[in-house]
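Data block below; observations after.
The values are calculated or read from the model by the stated rules, or taken from the named source; none is laboratory data. Note that the structure is predicted; figures quoted are calculated from it, not measured. Note that we place each Cβ from the backbone using ideal geometry, even for glycine, and neighbour counts take in every protein chain shown. The protein model used for the area step is the full one, side chains on, heavy atoms only, and it has no ligands, DNA or RNA in it. Shrake-Rupley method; radii C 1.70, N 1.55, O 1.52, S 1.80 Å.
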Amino acid sequence: MKVVFKIASLLVALASCNSGADGGKQAAPQAELKTLPIVIPQNGTITQVKIQSDTTQSYSLYMPANGDSNSLLLVFFDPGAKGKKPVEKYKALAERHGIILAGSNNSKNGLSGEESAAIAKKFVQDVQKRFNSKRANTFACGFSGGARVAVLTAIGENLPGVIGCGAGFPGKPEKNYGFSYVGVVGNEDFNFLELKRLYNELDRVRMKHQLLVFDGKHEWIPESEMEKAILVLKNDAASGDILATKIDSSVAVFKKEKNWIRLYDELRLGITSGLDSAHIIAWRTELRSLKKNTACITDLKKEAEIESMEAEQQTEIARAFPAKDFMLLANKIKTLSQESSKKSSLQKMSDRRLLQFISLMGFLYSEKALVSDLSLTKKYLDIYGKADAANPDYHYLMACYHTKAGDKSAAIASLKKAADLGFDDVEKIRKNATLQTLQGEPGFFDVLNQMSDD
């Protein structure tokens, strides 16, 4: 099972859980920054703000109509330094609950732990100073590699809560770090097993935590799930008991009969909305009865068996990529892609997670091979495409491959396909020296304009 942490670590080069960019040296004292409250137009506008102490860094900011210095502050870390993406996604939620949202435009995958910590420190402190926000009101949230940065930030900045979306800690938690943790993951996310394992590891170190599972893949979580996670942390801050009712996180198992997460939500969110104690006791009684349900116990055993096999296959897949065993990978994809009435719903979800895992590995190895070996790149891209042809990043890498191979018309077509599927990182294309050779080709700027419009 260790393979998930090893592969996930390729996404973010986090050297350790040590925060601070000075290697342990005493930092020079800094002058106190003046608090600068910002008046944000109350019309849904997201403002780009430069950091006072380092104007090379910035963040996307949204201030709700009813926000003030006592508002909850939620700071986001996106794996691609797209701070505006989560702020835009959750601004309606911010209005409903009076939450200030801020997303770093500099924190991203591939930085060292020291670099990530330094960026996060300046970012969080700048937002707090501008709104005179209290540490107790600041929660960190991240997606994928950004989830690991959120954990490092909570440790380094002594924050009370973290929402980790689609990924867990930057390493195995060795102690109680003093903050509450809510992990949220899609049941088809390739990091699903990692988050389930983390749930048990946080039990071991006695950290306050909860796991929410939704129907989905590796993505910024739906607004409804973010709302649940925020309410769980807010209730924990008020009651000091995020573990009042410990719920099994196996949503898929109970979709057919009883949904434990739904029961958890109604119990937990009910507490925040003032349900009487009799109602709460009734829910807890039903939860206890579920734990004695023979059918549910049987399903849990089947789920454990499937997840154990999934972990073994992840290890096999992870070894096949550096070994260049393309036949094994192609056969895996064929088997995992087969629809069969003999497959249980749990098995189908496991298969989809493994396909997403192959997709992730395909991206990493294709991108690496592009630097020096076009023939090898094509083989990795073939595997990537078989596993996840609808992924816009696959078509972006195909555009890079075609450009290097001298087929510029095919490169433009691949870029167009990437744009059609949602690729919108114009800056990444502009910084790519290979793709910049396409500037004189018909359709190149049309594709960039399409990405900008989207």
Original post:
Which residue, of VAL162, VAL184, is in contact with an Asp or Glu (Cβ under 7 Å, 6 or more places away or on another chain), β-branched (Val, Ile, Thr) and within 30 Å of GLU307 (Cβ to Cβ)?
Top reply: VAL184
Original post:
What number of residues in the stretch 213-241 are under 14 Å from ILE99 (Cα atoms) and at pLDDT 90 or above?
Top reply: 2
**OP:** Please specify each residue of the stretch 52-63 satisfying the condition of being surrounded by fewer than 15 Cβ atoms within 10 Å (Cβ to Cβ) and either without any contact (Cβ under 8 Å) to a residue 60 or more places away in the chain or in contact with a Gly (Cβ under 7 Å, 6 or more places away or on another chain) (or both).
**Re:** THR55, THR56
Original post:
Within the bounds of the stretch 64-77, is there any residue that is closer than 18 Å to ALA150 by Cβ, in contact (Cβ under 8 Å) with a residue 60 or more places away in the chain and either part of a loop (DSSP other than H, G, I, E, B) or not hydrophobic (A, V, I, L, M, F, W, C) (or both)?
Top reply: no
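So that you can scan it fast, the table gives a plain yes or no per residue for (1) farther than 26 Å from ASN176 by Cα; (2) small (Gly, Ala, Ser); (3) touching a residue at least 60 places away in the same chain (Cβ under 8 Å):
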residue	(1), (2), (3)
ASN200	no, no, no
VAL205	no, no, no
GLN210	no, no, no
LYS217	yes, no, yes
PRO222	yes, no, no
MET226	no, no, yes
ILE230	no, no, yes
LEU233	no, no, yes
Original post:
Looking at the stretch 375-454, what helices (runs of 4 or more DSSP H) fall wholly within it and have at least 3 residues that are free of Cβ contacts under 8 Å to residues at least 40 places away in the same chain and open to solvent by less than 60 Å² (accessible area, probe 1.4 Å)?
Top reply: 392-405, 408-420, 444-453
**OP:** Can you confirm whether the stretch 172-185 contains a residue that is open to solvent by 30 Å² or more (accessible area, probe 1.4 Å) and closer than 23 Å to SER71 by Cα?
**Re:** yes
Original post:
Can you tell me which of SER337, SER345 is closer than 15 Å to ALA387 by Cα, touching a residue at least 12 places away in the same chain (Cβ under 8 Å) and out of contact with any His (no Cβ under 6 Å at 6 or more places or on another chain)?
Top reply: SER337
**OP:** For LYS348, state whether it is out of contact with any helix residue (DSSP H, G or I) (no Cβ under 9 Å at 6 or more places or on another chain), open to solvent by less than 70 Å² (accessible area, probe 1.4 Å) and modelled with pLDDT under 95.
**Re:** yes
Subject >> Residues of the stretch 170-191 classified as outside any loop (DSSP other than H, G, I, E, B) and free of Cβ contacts under 8 Å to residues at least 40 places away in the same chain, total >> reply: 4
Subject >> Yes/no for GLY186 being of a type in the set (Gly, Ala, Ser) and on the phi > 0 side of the Ramachandran plot >> reply: no
Original post:
Restricting the search to the stretch 194-218, which residues are assigned to a helix (DSSP H, G or I) and in contact with a helix residue (DSSP H, G or I) (Cβ under 6 Å, 6 or more places away or on another chain)?
Top reply: GLU194
**OP:** For the stretch 186-212, name all the residues that are in contact with a Pro (Cβ under 9 Å, 6 or more places away or on another chain), crowded, with 18+ Cβ neighbours inside 10 Å and at pLDDT below 90.
**Re:** LEU202, MET207
**OP:** Could you tell me whether SER366 is buried (at least 20 other Cβ atoms within 10 Å of the Cβ), under 21 Å from the mean Cα position of the chain (by Cα) and assigned to a helix (DSSP H, G or I)?
**Re:** no
Original post:
Looking only at the stretch 321-336, which residues are out of contact with any helix residue (DSSP H, G or I) (no Cβ under 7 Å at 6 or more places or on another chain) and surrounded by 15 or more Cβ atoms within 10 Å (Cβ to Cβ)?
Top reply: ASP325
